[in-house]
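Okay, so here's the structure we're looking at.
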Amino acid sequence: MSARTVQIIHVAIHKALKNAVRTNLLSRNVADAVDKPKIQRTEMHPMTENDLSLFLEAAKQGQYYALFYTYLFTGMRRSELLAVRLCDVDLLGLQISVSRTMQYLSGVKNYVTFKEPKSKKSRRLIALSPSTAFVLDEHLKSQEKMRGSLQLPPITENDLVFSHWDGTPLLPDSITHAWVKLVRKCGLKGIRLHDARHTHATIMLKQGVHPKVVQERLGHSTISTTLDTYSHVSPGMQEAAARGFDDILNRESKLEKELAEIIQN
């Protein structure tokens with residue numbers, strides 16, 4: 001099991017034993033003596049602007065173009081994106097509401113359910129770019145046309161935006177496999193599906209977007225999570241800030257010279 005899975009199990013066991021101590025069923029919580037494994041953060045591989053254009057151009061030929069486009073341009077989690085309903089999307093207002101997530105349980109019989117986001121910050125409104133709204137609009141029109149040709153009921157407000165033609169949910173693993181194949185086709189090996197989220201955040205930060213805005217779009221619980229996760233972007237931001245400081249001083253100096261010339265004349 002992964003270190004993260006072991007940590008989650010430890011939390012559950014620790015809480016159960018803590019309740020047992022509180023009700024005098026046990027004298028001590030033995031889970032206190034356990035050394036929890038440290039989580040090794042997976043190295044991220046965000047796309048560059050050129051990689052992004054190359055990937056989206058190749059994705060146009062596949063069935064997941066709108067999904068991947070929205071993924072990259074909103075920074076949503078996979079589970080959030082697959083749970084989006086038509087009523088969650090406001091194309092005129094250019095925003096998408098994150099109010100639930102998809103949970104997929106594999107086993108003898110695959111089971112899909114939907115639940116509340118994992119934190120209050122995860123429940124959020126994300127502004128859409130005009131291009132994202134256009135791609136989503138085209139996608140929904142295509143879905144409606146296909147369902148009509150198959151003599152299926154029209155899409156309702158509670159139907160999923162990204163689904164099979166008959167409205168059944170897309171399985172998370174299917175999306176991941178499609179992403180991997182497309183990335184390899186573009187020669188961008190090593191870029192995981194979750195790196196789409198990192199790509200969104202990295203490009204925004206490089207553009208000078210305030211980290212608080214990035215935090216809100218990603219649904220991080222605190223801004224420190226955003227800053228810690230994307231600390232690799234800060235060196236470039238610091239250089240830009242230093243150059244900006246010089247620009248301000250040079251501009252002030254230039255204005256002083258122009259004023260002095262005006263006074264002399």
Matching residues, the range 123-174, being in contact (Cβ under 8 Å) with a residue 40 or more places away in the chain, assigned to a helix (DSSP H, G or I) and within 25 Å of GLU216 (Cα to Cα): SER131, THR132, ALA133, VAL135, LEU136, ASP137, PRO172
Qualifying residue in the range 23-30 (condition: in a helix (DSSP H, G or I), of a type outside the set (Gly, Ala, Ser) and closer than 29 Å to THR229 by Cα): no
Subset of the range 81-104 that is under 16 Å from the mean Cα position of the chain (by Cα) and small (Gly, Ala, Ser) - its residue that is farthest from ARG217 (Cα to Cα): ALA83
Scan of the range 213-228 for residues that are surrounded by fewer than 19 Cβ atoms within 10 Å (Cβ to Cβ) and either touching a residue at least 12 places away in the same chain (Cβ under 8 Å) or farther than 19 Å from LEU128 by Cα (or both), ordered by number: GLU216, SER221, THR222, ILE223, SER224, THR225, LEU227, ASP228
Which numbered condition MET44 fails, given (1) over 20 Å from ASP173 (Cα atoms); (2) touching a residue at least 40 places away in the same chain (Cβ under 8 Å); (3) not assigned by TED's automatic domain parsing to the domain that holds LYS141; (4) not polar (S, T, N, Q): (1)
Meets criteria (closer than 21 Å to GLY190 by Cα, assigned to a loop (DSSP other than H, G, I, E, B), touching a residue at least 40 places away in the same chain (Cβ under 8 Å) and not assigned by TED's automatic domain parsing to the domain that holds ALA178) for MET76: no
Search result, residues across the range 47-61 that are surrounded by 12 or more Cβ atoms within 10 Å (Cβ to Cβ), of a type outside the set (Gly, Ala, Ser), in a helix (DSSP H, G or I) and in contact (Cβ under 8 Å) with a residue 24 or more places away in the chain: ASP51, LEU52, LEU54, PHE55
Subset of the range 93-130 (residues that are at pLDDT 90 or above and surrounded by fewer than 11 Cβ atoms within 10 Å (Cβ to Cβ)): PRO130
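Results for (1) assigned to a helix (DSSP H, G or I); (2) of a type in the set (Phe, Trp, Tyr); (3) modelled with pLDDT of 85 or more, shown as yes or no for each residue.
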position: ILE191; (1), (2), (3): no, no, yes
position: ALA196; (1), (2), (3): yes, no, yes
position: LEU205; (1), (2), (3): yes, no, yes
position: ASP228; (1), (2), (3): yes, no, no
position: ALA240; (1), (2), (3): yes, no, no
position: ASP246; (1), (2), (3): yes, no, no
position: SER253; (1), (2), (3): yes, no, no
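The values are calculated or read from the model by the stated rules, or taken from the named source; none is laboratory data. Because the structure is predicted, anything quoted here is derived from the model rather than measured. In this analysis, Cβ positions are derived from the backbone assuming ideal geometry, glycine residues included, and neighbour counts consider all displayed protein chains.
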